[in-house]
1. Tell me yes or no: at least one residue of the range 127-144 is under 20 Å from Gln103 (Cβ atoms), surrounded by fewer than 12 Cβ atoms within 10 Å (Cβ to Cβ) and more than 27 Å from the chain's Cα centre (by Cα).
2. Return the total of residues in the range 149-182 being without any contact (Cβ under 8 Å) to a residue 60 or more places away in the chain and aromatic (Phe, Trp, Tyr).
3. Go through the range 114-168 and give me each residue that's among the acidic types (Asp, Glu) and in contact with a helix residue (DSSP H, G or I) (Cβ under 8 Å, 6 or more places away or on another chain).
4. Pick out, from the range 83-132, the strands (runs of 3 or more DSSP E) lying fully within it that include 3 or more residues that are closer than 30 Å to Ser166 by Cα.
5. Being surrounded by 13 or more Cβ atoms within 10 Å (Cβ to Cβ) and not hydrophobic (A, V, I, L, M, F, W, C) narrows it down to one of Ser165, Ser122, so name that one.
Amino acid sequence: MLQSRPKYLTSPPRRDSGLLEQLREPERRIQRNLKSTRNVAARLRSTFPDSGKQLTPHVGQIVDVTVTSVQTYGIFCADDDHTQVLVLIPELSWTASFCSCKQFANVGDSITVKILHIDDESGKIVASIRQIFANPWATDAFREGRRYTAKVIRHVQSADRCNNSSGYLLELVPGAFVMLCASDLALVPGDACGVEITRVLPDARAVTVTLTN
């Protein structure tokens, strides 16, 4: 007569349901996180349908450009797309302080400009520095005897406003630059410099300054 097998050989082993749930929980958590990430991405795509695409330049936009060529009459620059940007000499400053753009910038300089016009066919841009800021001539900003703390922009080896002697280009107020004739000084770009207005010619948009102590 055959003996019956032990119960542990004929019945499948019991599984610990609590242990299985613990093992499956990390996988469920990953699936929930993936679903949440997909939902966030979908909302971003619906809110910003053009995200990831490069914005087209438009009139009035303020952009940073790099100087590629400096001529007497204007400064040629390029943006990140290598689009040509031209800033003519009247658009450099609200004040007339130099007769050549070569006294204002060098190749490789980074400047900030405001787009005034975009050619439909070539895509070339005409821009301005001064029009980023309010016109100081519309206020009582320039008066003889008024003192300012100007910012040193650069040293100019031969400045026409200084009888072709050396001078320093200063930013008197935002968007308005003046030439300080001072061949015996050693100023550093970025430094603050105290000046006093000694002459104002509104019709010529000219302002003359001298150094204060």
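The values are calculated or read from the model by the stated rules, or taken from the named source; none is laboratory data. Small disclaimer: the values here were computed from a predicted structure and weren't measured. Neighbour counts are summed over all protein chains in view; Cβ atoms, including those assigned to glycine, are modelled from backbone coordinates with ideal geometry.
1. No: zero hits.
2. 1
3. Restricting attention to the range 114-168, the residues satisfying the condition of being among the acidic types (Asp, Glu) are 119-121, 140, 144, 160.
Answer for the range 114-168, where residues must be among the acidic types (Asp, Glu) and in contact with a helix residue (DSSP H, G or I) (Cβ under 8 Å, 6 or more places away or on another chain): just Asp160.
4. On the way: elements: 84-88, 110-118, 125-128.
The qualifying strands (runs of 3 or more DSSP E) are 84-88, 110-118.
5. Details: Ser122 fails: surrounded by 13 or more Cβ atoms within 10 Å (Cβ to Cβ).
Result of the check over Ser165, Ser122: Ser165.
Conditions (1) under 26 Å from Val87 (Cβ atoms); (2) in contact with a Ser or Thr (Cβ under 7 Å, 6 or more places away or on another chain); (3) modelled with pLDDT under 95, marked per residue:
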{"position": "Ala141", "(1), (2), (3)": "yes, no, yes"}
{"position": "Glu144", "(1), (2), (3)": "no, yes, no"}
{"position": "Ala159", "(1), (2), (3)": "yes, yes, yes"}
{"position": "Cys162", "(1), (2), (3)": "yes, no, yes"}
{"position": "Ser183", "(1), (2), (3)": "no, yes, yes"}
